[in-house]
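The values are calculated or read from the model by the stated rules, or taken from the named source; none is laboratory data. Note that the coordinates shown come from a computational prediction; the quantities given were computed from them, not determined experimentally. Quick reminder, even Gly has a Cβ in these numbers, built from the backbone with ideal geometry, and neighbours come from all protein chains shown. Accessible surface is based on the protein model in full, side chains and every heavy atom, while ligands, DNA and RNA are left aside. Shrake-Rupley method; radii C 1.70, N 1.55, O 1.52, S 1.80 Å.
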Amino acid sequence: MIKFKSLNQGGQFLKIFKKKKLNNKYFTIFFNKNSNNTKQDINKNLNISFVMRKNIGNAVKRNKIKRKLKAAVQKIIKDKQPIDLNYTYVIFGKNNVYKDQFPLVFNEVNDVFKKIKQIGK
């Protein structure tokens, strides 16, 4: 069972923001390879944080966007799709996630994680 482990310190976020990023119409994802994880820690935790800006909408809207993105990532993990657990991810959701249907968001999330896996090779 893979659990989500969120970043919790500002310094951790700043390190990730200086590294690689990918944009699409639903979200911006920042990612960086983990440097000090043990093999046991890698198998159990996915270092991922979902972040929303306050100017997107009220709390209900921001939380719904985060829930859709989390559900897409959970579905990818459940379907044994490619998410590299050796990376730390920070996902900034955009307003289009709220408007569009889940299958469209899921396909975009899946494509981005495939690109990240190809970049890592």
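Return one whole number: the accessible area per residue of the chain in Å², for a 1.4 Å probe. That works out to 63 Å² per residue. Given +1 at the Cβ of Lys and Arg, -1 at the Cβ of Asp and Glu and no other charges, the dipole of the chain around its Cα centre is 220 debye to the nearest 20.
Share of the chain's accessible area from carbon and sulfur, percent, 1.4 Å? In the chain, the share of accessible area belonging to carbon and sulfur is 48 percent.
Which of Val112, Ile16, Met52 sits farthest toward the positive end of the charge dipole of the stretch 13-119, with +1 on the Cβ of Lys and Arg and -1 on the Cβ of Asp and Glu? My answer, from the dipole projection, is Met52. Beyond 13 Å, the tail of the calculated P(r) for the stretch 82-121 holds 59 percent of the Cα pairs.
Listed peptides 70-78, 51-59 appear in the order 70-78, 51-59 once ranked by packing, highest mean of other Cβ atoms within 10 Å at the front. Which net charge results when you count Lys and Arg as +1 and Asp and Glu as -1 among the other residues whose beta-carbon is under 12 Å from that of Gln101? So the environment of Gln101 carries a net charge of 0. Find the Cα radius of gyration of the stretch 40-121, compare it with 2.2 N^0.38 Å by division, and give the number to two decimals. Working it through for the stretch 40-121, the quotient is 1.12.
Explain nothing, just the number: relative contact order of the chain, from Cα pairs under 8 Å at least 6 residues apart, as a whole percent. Once divided by the residue count of the chain, the mean separation gives 33 percent. Kindly express, to the nearest 10 degrees and within the range 0 to 90, the angle between helix 59-78's C-alpha long axis and the longest C-alpha principal axis of the chain. The helix 59-78 is inclined about 40 degrees to the chain.
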